[in-house]
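The values are calculated or read from the model by the stated rules, or taken from the named source; none is laboratory data. Since this is a predicted model, take the numbers as computed values, not measurements. A quick note on method: Cβ atoms are made from the backbone with ideal geometry, for glycine too, and the neighbour counts reach across all protein chains shown. Accessible surface areas use protein heavy atoms only, side chains included; no ligands, DNA or RNA. Shrake-Rupley method; radii C 1.70, N 1.55, O 1.52, S 1.80 Å.
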Amino acid sequence: METTDRATEGDPLKGGEDGVETVTAPPATELKGKSCKEVLGFSRLTHWRTAVFFFSLFLCLTIVFAFSFVIPCPVRPQYLIAWNRTFSEAVTYDFLAIEEANEDKVMDVLFVRKDTEDSQNNTCVDAGLPSPCVFMLAVDGTDGKTLWERPLNPEFHWAQCGLDEKTNRNWDCLLSHADQLSAINKHSGEVKWQQPQPTGLHSTVPVLSVPDLNTDGVSDVALVASDNTQTQLVFLSGKSGVQIGSTVILDSTETASHLLYRTAKGSHYVLFRKDTGLYALALWRIAAKAKAGFEEGLKKDELWEKNAGGTSDLIPVYVSDSVKQVLTIGEKNDASNLLLVTGDKVIILDGKSGGVLWEVNLSASPNSPRPASIYTIKSFSIFMFWGMMPSETNTTVPLTGDRRSYMLYPLYSKVLLESSNVMDHIISFKATLMERGRHAAYILLTGSATEGAEGTVVLSKRKLKQDVPLSRVLRIGTSGPETNEDIKEAFSRLRFSDL
């Protein structure tokens, strides 16, 4: 019997007795049985395999090198957590807009001030305007530096931006100043068109962005004006600014404020705040009165229409004689909820049923800005509003120093986060996302407490979560087992989203 020193498959590391693996050459009879061509072919195939391996390796290394060093990775803009701009001996107004002006994916801030010259020492006289004049300017959201400034005729009445979304308009902001309306591009500050104010109409914000009524391919806008005798509305062409259709009388009484609301079925309603509460009027009814045919293409909502009164087209939404402020709360793929501020309460109404979702007693304090909300990735909003809890008011008439800001996290509806870090006179306030899906912040514009008086104007940005560690947890009812630190941790871990 022949024996071999070949290692078996079950023990591949086993070799000779001295631990060195023994390689046994093939028998001579096997080599004799193979032709010369077969041996050479096997060798040539091995070379090809080696070449393909090294070529694949070279290709992979080239791709890795290209993505790592040659093709630049997208760089996120670097921004300051907090910044402020100070303007001496200037006047500012209740207007703040958060828009992406320089296309760096970070939101920027637009506001208006009255001064004799801009930040580059260009005077109103140089622009052929009376001095002082009105400057609309955009500042970078990352660090507060000026992006552009546009001098305009005084006096300033109102302004609104964000009017370019899904409208085909080539302008974004509409300003009412002197006897003119000016449409301005947010990226450059260029005036796209100017029109005289509609005759006899002293309009107020908000400007209503409505569908394309005159079928010129550009969505139109509506202005609302109210005095002691009546409330009126006019439609303007979004392309040129000229009035389209007739002036419509909406109500025979004065309305304190208004806004445009879209129901779950896509129907538009103009909401009016009156002495007796909040009411709605269908946009299709208004458009039909302005000009026959304008109502075509506008949707009707039967659920809302059945609540209209028999002698009036007005639909009661919330009846109360103490409604002070109204805010729509955007929700994805659904009707927006409504946040109401009354004389002694903050109330959130369901956008579908009109029922009360949440309320808290809150005393109005002097110089309290309008509330704000920011959407989160969990499909609900965080709310920020101003006032004073009744139990903490030292006097029957709250003072400006008593003003507090409050944040509401809906998952902890019996808890508020209270902060009191702003003592200056607030002209305007906004809470927003500075970057898509991240960096929630609030913008404050402060100035003289006397309207129209010169003083030190300060524009500041502060990260929303920056106030959480210094805030006080305030319990407004029977809350859960969470400690104060648990509540603060929940606020700190919030992640935000765009609608």
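Points worth noting:
- Identity of the residue in segment 366-386, of a type in the set (G, A, S) and at pLDDT below 85, that ends up least open to solvent (accessible area, probe 1.4 Å): S368
- Segment 226-248 - residue that is assigned to a loop (DSSP other than H, G, I, E, B) and open to solvent by less than 30 Å² (accessible area, probe 1.4 Å) and, of those, nearest to C161 (Cα to Cα): G238
- Filter result for K463 (open to solvent by 20 Å² or more (accessible area, probe 1.4 Å), in contact (Cβ under 8 Å) with a residue 12 or more places away in the chain, charged (D, E, K, R) and touching a Phe, Trp or Tyr at 6+ places or on another chain (Cβ under 9 Å)): yes
- Scan of segment 215-225 for residues that are open to solvent by less than 40 Å² (accessible area, probe 1.4 Å), more than 20 Å from H157 (Cβ to Cβ) and of a type outside the set (D, E, K, R), ordered by number: V218, S219
- Here is the figure for segment 259-303: residues that are in a loop (DSSP other than H, G, I, E, B) and within 18 Å of S320 (Cβ to Cβ) total 2.
- Number of positions in segment 65-103 that are at pLDDT below 85 and farther than 25 Å from T456 by Cβ: 15
Okay, residues lined up against (1) aliphatic (A, V, I, L, M); (2) within 30 Å of the chain's Cα centre (by Cα):
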{"site": "D216", "(1), (2)": "no, yes"}
{"site": "Q230", "(1), (2)": "no, no"}
{"site": "V234", "(1), (2)": "yes, yes"}
{"site": "T253", "(1), (2)": "no, no"}
{"site": "H258", "(1), (2)": "no, yes"}
{"site": "A280", "(1), (2)": "yes, yes"}
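- Scanning segment 168-193 for residues that are part of a strand (DSSP E or B) and open to solvent by 30 Å² or more (accessible area, probe 1.4 Å) gives Q180, V191, K192.
- Pick from segment 301-312, criterion open to solvent by less than 60 Å² (accessible area, probe 1.4 Å) and at pLDDT 85 or above, ranking: farthest from T276 (Cα to Cα): D301
- Checking each residue in segment 249-300 for being touching a Gly at 6+ places or on another chain (Cβ under 8 Å), open to solvent by less than 10 Å² (accessible area, probe 1.4 Å) and not small (G, A, S) picks out only T263.
- Lone unmet requirement of (1) open to solvent by less than 50 Å² (accessible area, probe 1.4 Å); (2) closer than 23 Å to K463 by Cβ; (3) among the β-branched types (V, I, T); (4) over 20 Å from the mean Cα position of the chain (by Cα) for V106: (4)
- Answer from V397, V457 - the residue that is modelled with pLDDT of 90 or more and either in a loop (DSSP other than H, G, I, E, B) or within 30 Å of E89 (Cβ to Cβ) (or both): V457
- For segment 146-167, the criterion of being at negative phi, assigned to a strand (DSSP E or B) and among the hydroxyl-bearing types (S, T, Y) is satisfied by at least one residue.
- Scanning segment 314-365 for residues being of a type in the set (S, T, N, Q) and open to solvent by 40 Å² or more (accessible area, probe 1.4 Å) gives a total of 5.
- Some residue of segment 262-282 being at positive phi and touching a residue at least 60 places away in the same chain (Cβ under 8 Å): no
- Conditions (1) in a loop (DSSP other than H, G, I, E, B); (2) buried (at least 18 other Cβ atoms within 10 Å of the Cβ); number of the one not met by R113: (1)
- Filtering segment 469-486 to residues that are more than 16 Å from P410 (Cβ to Cβ) and in contact (Cβ under 8 Å) with a residue 60 or more places away in the chain leaves S471, T478.
- Subset of segment 132-167 (residues that are open to solvent by 40 Å² or more (accessible area, probe 1.4 Å) and among the β-branched types (V, I, T)): T146
- Remark: pairs (first residue in segment 361-377, farther than 14 Å from R495 by Cα and in a loop (DSSP other than H, G, I, E, B); second residue of a type in the set (V, I, T) and open to solvent by less than 20 Å² (accessible area, probe 1.4 Å); Cβ separation under 9 Å; 6+ apart in sequence or on different chains) = L362/T342; L362/V346; A364/T342; N367/I426; S368/I426; P369/I426; P371/V346.
- Candidate set from segment 322-337 (those that are under 17 Å from the mean Cα position of the chain (by Cα) and of a type in the set (A, V, I, L, M, F, W, C)); member that is modelled with the highest pLDDT: L327
This table checks each residue for (1) open to solvent by less than 20 Å² (accessible area, probe 1.4 Å); (2) farther than 13 Å from P371 by Cβ.
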residue	(1), (2)
S405	yes, no
L408	yes, no
L411	no, yes
E418	yes, yes
M423	no, yes
I427	no, yes
G437	no, yes
A440	yes, yes
I443	yes, yes
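- Looking across T4, T29, T62, one residue alone is more than 30 Å from T432 (Cα to Cα), part of a helix (DSSP H, G or I), open to solvent by 60 Å² or more (accessible area, probe 1.4 Å) and at pLDDT below 70. It is T29.
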